[in-house]
1. Counting heavy atoms of the protein chains only and a 1.4 Å probe, report the per residue accessible area for segment A:1-88 as a whole number of Å².
2. What is the angle, in °, between the Cα long axis of helix B:40-49 and the longest principal axis of the Cα atoms in chain B? Nearest 10 is fine, range 0 to 90.
3. Need one number: nm distance between label points at residue B:2 and residue B:39, each 7 Å from Cα along Cα→Cβ, rounded to one decimal.
4. Quick one: of the DSSP bridges fully inside chain B, what percent are antiparallel, nearest 5?
5. Per-residue Cβ counts within 10 Å, from other chains only, averaged over A:131-141: what number is that?
6. Measure nothing fancy, just the Cα-based angle from helix A:56-68's long axis to the longest principal axis of chain A, in degrees from 0 to 90, nearest 10.
7. Return the sequence-ordered ³J(HN,Hα) values of segment A:32-37 in whole Hz as given by the Karplus equation 6.51 cos²θ - 1.76 cosθ + 1.60 applied to θ = phi - 60°, using x for Gly and Pro.
8. In a solvent-free Debye calculation with one equal scatterer on each Cα, what is log10 I(q)/I(0) for chain B at q = 0.13, 0.21 Å⁻¹, listed in the order of the q values?
Protein chains: 2
Amino acid sequence: MKSEPHKVFEQLLNSKGLKVTKQRNDILDYLLKAKKHVTPEDIYRDLNKKDANIGRATVFRTLHLLENAGFADKIQFADGRLAYEHKFARPHHDHMICVECSSVLEFSNATIEKIQEEISKKFMFKPLWHRHEIFGRCKKCNKMD
Amino acid sequence: MKSEPHKVFEQLLNSKGLKVTKQRNDILDYLLKAKKHVTPEDIYRDLNKKDANIGRATVFRTLHLLENAGFADKIQFADGRLAYEHKFARPHHDHMICVECSSVLEFSNATIEKIQEEISKKFMFKPLWHRHEIFGRCKKCNKMD
DNA sequence: TATATAATTGAGACTGATTCTCAATATCAT
DNA sequence: ATGATATTGAGAATCAGTCTCAATTATATA
């Protein structure tokens, strides 16, 4: 049986005349099962551990596909590395990122979102997405120094 | 006569046992005179147009120095490119970045800042800096399609 | 089911940004 | 002026991500 996200993904592919492939499904699977943000390199490495092989290019291509379709979000660590998470049944949220251990806490705040809307409107700016990341030290890392 | 920022920069260098060099001063100058965000490549290119030469490595090294000292801030365009701006006598602000033309609008909002503080406190997270970027289409680019 | 068409793939070359290495040079306290 | 030490630029190295292209695979339709 196919999971709901896979069905939705197939619909997207069909609607764009794109094909359903093993690689695309594997990457979506990986993302759905991951408990935290994963890097393209994580996906490449782990999927190649198992069966056959999957190219780096395909990993990037598929992540872009998922991102553009609104099925995945990316965050960027303090050193610039990118990581992705799926968005199925996960409401929008922003992140607090530990500069020591790269752990990520999620937050969301309706007031901030509303103010963003107002500011955009005032500047006649049409917002498409935003990134709100607070960098600092998590509870654990803060204790250690 | 030395500008205030240069004096402050020299103090920083002295306090860390670092040396005041022509290259460091030139880069700070460039940043101070720039009207908008500049990329490391802008700095490298323009400073080499004039006298002598300055290495790319030095540009990056100096930008990191300025950034860590809190004298410069960086933003990242939608395609990942980095750009810097100086922070002398410029209050904190965040950005709206046009995904079409990379133009940048600034905004700041005390309520958002305050909420961030509260959220951090709640999670025992010690905030060091944050990045709040709204990506979208500026007034001009929005009209064109 | 076989076939035709078009999308997809992985390998590896390529790119652009940034970092590293190291010998030559410049700064600064004395 | 001198010596100790930090800084420099050139170019090699690295790294993430993109591109190219010939071989492969998915899918619509006969």
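The values are calculated or read from the model by the stated rules, or taken from the named source; none is laboratory data. Given the structure is predicted, the values throughout are model-derived calculations rather than measurements. As a convention, Cβ positions derive from the backbone with ideal geometry for all residues, glycine included, and neighbour counts pool all protein chains shown. Accessible surface is based on the protein model in full, side chains and every heavy atom, while ligands, DNA and RNA are left aside. Shrake-Rupley method; radii C 1.70, N 1.55, O 1.52, S 1.80 Å.
1. Using a 1.4 Å probe on heavy atoms only, each residue of segment A:1-88 averages 59 Å².
2. Here the helix axis deviates by roughly 30 degrees.
3. My value for the distance between the label points is 3.3 nm.
4. 70
5. Across the residues of A:131-141, the mean count of other-chain Cβ atoms within 10 Å is 6.
6. Taking Cα atoms only, the helix is inclined about 60 degrees.
7. My calculation for segment A:32-37 gives 5, 7, 4, 8, 9, 5 Hz in order.
8. So the normalised log intensities work out to -0.71, -1.31.
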